[in-house]
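Each remark here refers to the structure printed beneath this line.
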Amino acid sequence: MAWYCVSHRFYLCRYFVPVKSLVVDFFTWNSSFWPVFWVLFFAGCTYANAGWMRSIMCIHMCPYSRFQSAMFDKDTFIVGYDTKRGEARGPRPRKADPKQLGLGDCIDCDLCVQVCPTGIDIRDGLQYECINCGACIDACDKTMERMGYDKGLISYTTEHRLEGHHTHIMRPKLLGYGAILVLMIGLFFVQVASVDPAGLSVLRDRNQLFRTNNSGEIENTYTLKVINKTQQVQQYTLDVEGLSDVSWYGRQTIQVDPGEVLNLPMSLGVDPETLDSPVSTIQFILSDSQDFTISVESRFIKKL
């Protein structure tokens, strides 16, 4: 629950603080507490993860190493060491024949271990810490080239191939994962295509539910948050439905920059004689020049 609250506050800062003004305010010391806190918090996390913890992240916290074992089989391509070819390992002169010495192609230089970002020895077999970066492959190939041996002692291969069997590329598990991936990509594009070009949210003033203004009207105060999700400057028109002879105190035509979240304080005033109930359901309407319209429900309170 604590982490949910932290994440929730982060997303509130992300979506309700425009990034252009955030950058200016941050470097001019004019930003409020929460945006500054989250910028410093995630900068610190990035430094700790990439600059200090490093391999600890890969070994203990990276989710890939945890779920990869449930996804691969003996036909999955992995970074593997050819034990039959490499053993027995040991140092030898470059011109010596390893077969006469009873050795395999591995000269036990340990370069594959030194270049591994997680510090494992791939010669010990497949391990969950391996991130398949291929650094050990490059190091081993260079050593094989200097020794005059064939490359590929460590390579992208499969367990079946290492055991001398044929590797099956097209198999039910691979086809299933491919179908799921295609489905997810399709759903992503459907979601992108269905995103509204604008957003509207309505916050009622909870400090003062209603008041009587100088004109004798019952007045309710709101804050409208208008989000321009397009890449162009947009002009919007605001209106309200559900009340008769309503007075709108504030701007009804606004211009919003691309990606901007505009906070618009405003009030509605209504003659109390025209209100049939203490609480009326109303609809705030946002429309643009492209015939896009969105409505958000709220309440107008006459009395408790």
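The values are calculated or read from the model by the stated rules, or taken from the named source; none is laboratory data. If you're wondering where the values come from, they're calculated on a predicted model, not measured in any experiment. Positions of Cβ are backbone-derived with ideal geometry, glycine not excepted, and every protein chain shown enters the neighbour counts. Keep in mind that these areas ignore ligands, DNA and RNA; they rest on the heavy atoms of the full protein, side chains included. Shrake-Rupley method; radii C 1.70, N 1.55, O 1.52, S 1.80 Å.
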Determine the order of Asp82, Asp124 by accessible area, beginning with the largest, at a probe radius of 1.4 Å. Asp124, Asp82
Relative contact order, percent, of the stretch 214-272 when contacts are C-alpha pairs under 8 Å separated by at least 6 residues? 52 percent
Under a Gaussian network model of the chain whose springs join Cα atoms within less than 10 Å, the largest fluctuation of Ala135, Ala50, Ala193 belongs to Ala193
If you roll a 1.4 angstrom probe over the protein chains with everything in place, what fraction of the accessible area of the stretch 91-224 belongs to carbon and sulfur, to the nearest %? 57 percent
Shape category assigned to the stretch 46-106 from the gyration tensor of Cα positions, a/c cut at 1.5: oblate
Spacing of the two label points (7 Å from each Cα toward its C-beta) at Tyr156 and Trp52, in nm: 3.5 nm
Which trypsin sites (Lys or Arg not before Pro) does the stretch 93-163 hold that lie in a coil by DSSP with at most 12 other beta carbons within 10 Å? Arg94, Lys95, Lys99
For the stretch 96-229: Kirkwood Rh in Å [reciprocal of mean 1/r, alpha carbons]: 22.0 Å
Convex hull volume per residue in cubic angstrom - Cα atoms of the chain: 228 Å³
Over 20 Å [Cα-Cα, the stretch 100-160], rounded percent: 25 percent
Take the cross-link list Lys99/Lys142; Lys229/Lys302; Lys74/Lys151; Lys74/Lys142; Lys84/Lys173 and give me the ones stretching past 30 Å between alpha-carbons. Lys229/Lys302
Roughly how much of Asp271 is accessible, in Å² to the nearest 10, using a 1.4 Å probe? 70 Å²
From the helices alone, meaning DSSP H stretches of at least four residues, give me the mean residue ellipticity at 222 nm for the chain, per-run term -39500 (n - 2.57), in deg cm²/dmol to the nearest 500. -9000 deg cm²/dmol
To the nearest 20 debye, what is the magnitude of the charge dipole of the chain about its Cα centre, counting +1 on the Cβ of each Lys and Arg and -1 on the Cβ of each Asp and Glu? 1140 debye
Please work out the average accessible area per residue across the chain, using the 1.4 Å probe convention, and give it in Å². 64 Å²
Net charge over other residues, Cβ less than 11 angstrom from the Cβ of Glu217 (K, R count +1; D, E count -1): -2
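Which translational diffusion coefficient, to the nearest whole µm²/s, is obtained for the stretch 191-264 from the Stokes-Einstein equation, given a Kirkwood hydrodynamic radius over C-alpha pairs, 4 °C and 1.567 mPa s? Each step should come with its number before you reach the end.
Values: Rh = 14.2 Å.
D = 91 µm²/s.
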At 0.36 nm per residue, minus the direct Cα-Cα distance, what do Asn213 and Ser287 gain on full extension? Give it in nm, one decimal, please. 23.8 nm
Taking every pair of Cα atoms in the stretch 208-304, average 1/r, invert it to obtain the Kirkwood radius, and report Rg/Rh to two decimals. 1.01
